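**Q** Below: one structure in C-alpha cells.
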Amino acid sequence: MKKHYDWLWFDADGTLFNFNRAEELALKQVFQLINVPFQDEYASLYKEINQQLWHALEKQEITPAVLQVRRFELLLQALHVEYSASQLSDEFLRQLAACGDLLEGAFELLKALSGSSQIAIVTNGLQAIQRGRLAHSEIRDFVAELIISEEVGAAKPKTEFFEAASARTGNPPKSAVLIIGDSLSADIQGGANYGIETCWY
C-alpha cells in the first residue's frame, strides 16, 4: 500500500533549484566587478573554498555571516586581487536571490504533490538568497513553509534544525513527514537521526 505523508520537506539547492546555474551566473557578475576574466579554474577554486566553509557551517564552527564574506576573502587572496570581500558578497547574494531557475521537473512534481500533501522547503541556505529566490520562483504558491537554518539558529543535520522545522509545520507525527534532499550528510543522515523517513534525490 502506498504511504501518505502529511508533510513533504524538500531541500532547496540541488533538489528543487538549479543552484549550479545560479551560482555560475552570479560568479560571472562577481568576476566582472574585480575585472578578472571568468575562467572555469577560478570557478572551481571558489567552489572548493565554498564547500569547505559550508562543511564548517554544518558543524557550527562558523556562522552564516562569516561564511558569506570569508569565501570571497579567500578567493581574493588566492587570485592576488585587492577588493572588498564584503562588497563582492553583497553582489553575489543579490544575483543569487534573483535567480529562481528550477531543476527539470521540479515545478510539475510540486504541483502534483501539493494536492495531497503540504510542502515545506528546509534549507541550510542563506536567508538573503532563499527568501528572495522563492519569491521569484513559480513554485512559491505550492510552498506552505520555508525553514532556513540562518533564521532558526541551527543547520541540518543538527537535531535542533529538525525540531524547529517540526514546530514551524505544526509538530506533525514523525511518521507523517518525509524529507527529500540531495545531501547524504545534511538531509538523509539528519532526517534519519531525527526519526523521519528520507528520500535521497
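**Q** Hey, could you check the range 114-135 for residues that are among the polar types (S, T, N, Q) and either modelled with pLDDT of 95 or more or surrounded by fewer than 17 Cβ atoms within 10 Å (Cβ to Cβ) (or both) and say which is farthest from the chain's Cα centre (by Cα)?
**A** The residue in question is SER116.
**Q** Another question, then. How many residues are assigned to a helix (DSSP H, G or I) and either among the acidic types (Asp, Glu) or out of contact with any Ser or Thr (no Cβ under 8 Å at 6 or more places or on another chain) (or both) when one looks only at the range 120-143?
**A** 11
**Q** Something else now. What is the residue count in the range 55-72 for residues that are surrounded by fewer than 17 Cβ atoms within 10 Å (Cβ to Cβ) and not basic (Lys, Arg)?
**A** Residues in the range 55-72 being surrounded by fewer than 17 Cβ atoms within 10 Å (Cβ to Cβ) and not basic (Lys, Arg): 9 in total.
**Q** Give the residues of the range 144-201 that are β-branched (Val, Ile, Thr) and outside any loop (DSSP other than H, G, I, E, B), sorted by residue number. Before you say what the answer is, go through the steps one by one.
**A** Here is the first cut: in the range 144-201, the ones β-branched (Val, Ile, Thr) are 147-148, 152, 159, 169, 177, 179-180, 188, 196, 198.
Matches in the range 144-201: ILE147, ILE148, VAL152, THR159, VAL177, ILE179, ILE180, ILE188, THR198.
**Q** In the range 35-60, which residues are closer than 14 Å to SER149 by Cα, among the charged types (D, E, K, R) and without any contact (Cβ under 8 Å) to a residue 24 or more places away in the chain?
**A** Hit for the range 35-60 is LYS59, nothing else.
**Q** Next question. Would you check if LYS111 is surrounded by fewer than 16 Cβ atoms within 10 Å (Cβ to Cβ) and more than 19 Å from GLY181 (Cβ to Cβ)?
**A** yes
The values are calculated or read from the model by the stated rules, or taken from the named source; none is laboratory data. In this text the structure is predicted, and so the values were computed from the model without any measurement. Don't worry about glycine lacking a Cβ; one is built from the backbone with ideal geometry, like all the others, and counts go over all protein chains shown.
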